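Below: the structure, in structure tokens.
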Amino acid sequence: MVDVALYEPMLRMLDEIIPAYAGSGRVRERIGSGTEYVVPHNHYQAGDGGWIAIACTNDRMFERLVVDAMGQPHLLTEFGTMQERIRRRDELDATVQDWVGRADARTVLARLDAAEVPCGPVNSVKDFFQDPQVRARENIVEFPSPLGGLLAMAGIVPKLSATPGRVESLGPVTPGAHNEEIYCGRLGLSREDLAARGQKGVI
């Protein structure tokens, strides 16, 4: 048995906001895609319209970003500490955005990867369809639709070794298609009872 509520994984990912509120009563408000205690840690738009997530959580990462990837070592002097980077968040984010915006996403990601700066593309749904890893993991599967053509949908998650799961049905085309199976077969109503409830609008 795996006991988990749908909201619990997200609650567990909320960093320090629970102990911070319990200790001081401070409510951390939204700041978009940024992170309150780390800068630069945000999403930046490349010149071709793609978005890139960059996460520099310490001084070494920041140095690799501005020296090795961006080629702007003077930023080490201007933003030498995390406290200074947080204080001048908007200015530093604008500087990183300016650099990212000068090239296409693939080029920027390659430079960040070469500099060992934590980064990744921010995928759209179109990107998921084109991603080889998503395809290899069968995270998107396609089936013939009863209405014609192919229906794409999310695959089975998680993947279990003994009981991997499979899609057996795409669901009914019209509401109530399985009423007789459920009400009569499983709940014990007669067909007459089912018809009577349908006429009254109960079902």
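Computed values, structure above
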{"quantity": "Options Arg88, Arg60, Arg64; residue that is basic (Lys, Arg), in contact with an Asp or Glu (Cβ under 7 Å, 6 or more places away or on another chain) and over 30 Å from Val173 (Cα atoms)", "calculated": "Arg64"}
{"quantity": "Checklist (1) out of contact with any Gly (no Cβ under 9 Å at 6 or more places or on another chain); (2) exposed (fewer than 10 other Cβ atoms within 10 Å of the Cβ) applied to Arg135, failing item", "calculated": "(2)"}
{"quantity": "Selection within the range 69-85 - within 20 Å of Ile52 (Cα to Cα) and either outside the structural domain of Leu112 (by TED's automatic domain parsing) or under 30 Å from the mean Cα position of the chain (by Cα) (or both)", "calculated": "Ala69, Met70, Arg85"}
{"quantity": "Residue in the range 17-30 that is farthest from Arg85 (Cα to Cα), counting only those that are loosely packed, with under 10 Cβ neighbours inside 10 Å and among the hydrophobic types (A, V, I, L, M, F, W, C)", "calculated": "Ala22"}
{"quantity": "Ser33 of a type in the set (Gly, Ala, Ser), loosely packed, with under 14 Cβ neighbours inside 10 Å and more than 28 Å from Leu76 (Cα to Cα)", "calculated": "no"}
{"quantity": "Pair list, Cβ < 8 Å and 6+ apart or interchain, from the range 152-165 residues that are free of Cβ contacts under 8 Å to residues at least 24 places away in the same chain to residues that are among the aromatic types (Phe, Trp, Tyr)", "calculated": "Ala152/Phe129; Met153/Phe143"}
{"quantity": "Selection status of Asp98, exposed (fewer than 15 other Cβ atoms within 10 Å of the Cβ) and closer than 30 Å to Lys126 by Cβ", "calculated": "yes"}
{"quantity": "The listed residue being under 23 Å from Ile156 (Cα atoms) and in contact with a Pro (Cβ under 8 Å, 6 or more places away or on another chain), out of Asp127, Asp93", "calculated": "Asp127"}
{"quantity": "Filter result for the condition that a residue is exposed (fewer than 12 other Cβ atoms within 10 Å of the Cβ) and among the hydrophobic types (A, V, I, L, M, F, W, C), over Leu92, Leu65, Leu14, Leu76", "calculated": "Leu14"}
{"quantity": "Subset of the range 172-198 [exposed (fewer than 10 other Cβ atoms within 10 Å of the Cβ) and either within 17 Å of Ile140 (Cα to Cα) or among the hydroxyl-bearing types (Ser, Thr, Tyr) (or both)]", "calculated": "Thr174"}
{"quantity": "Verdict on Ala103 being in a helix (DSSP H, G or I) and either under 16 Å from the mean Cα position of the chain (by Cα) or at pLDDT 95 or above (or both)", "calculated": "no"}
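The values are calculated or read from the model by the stated rules, or taken from the named source; none is laboratory data. Just so we're clear, the structure is a prediction, and the values are computed from it rather than from any experiment. In this analysis, Cβ positions are derived from the backbone assuming ideal geometry, glycine residues included, and neighbour counts consider all displayed protein chains.
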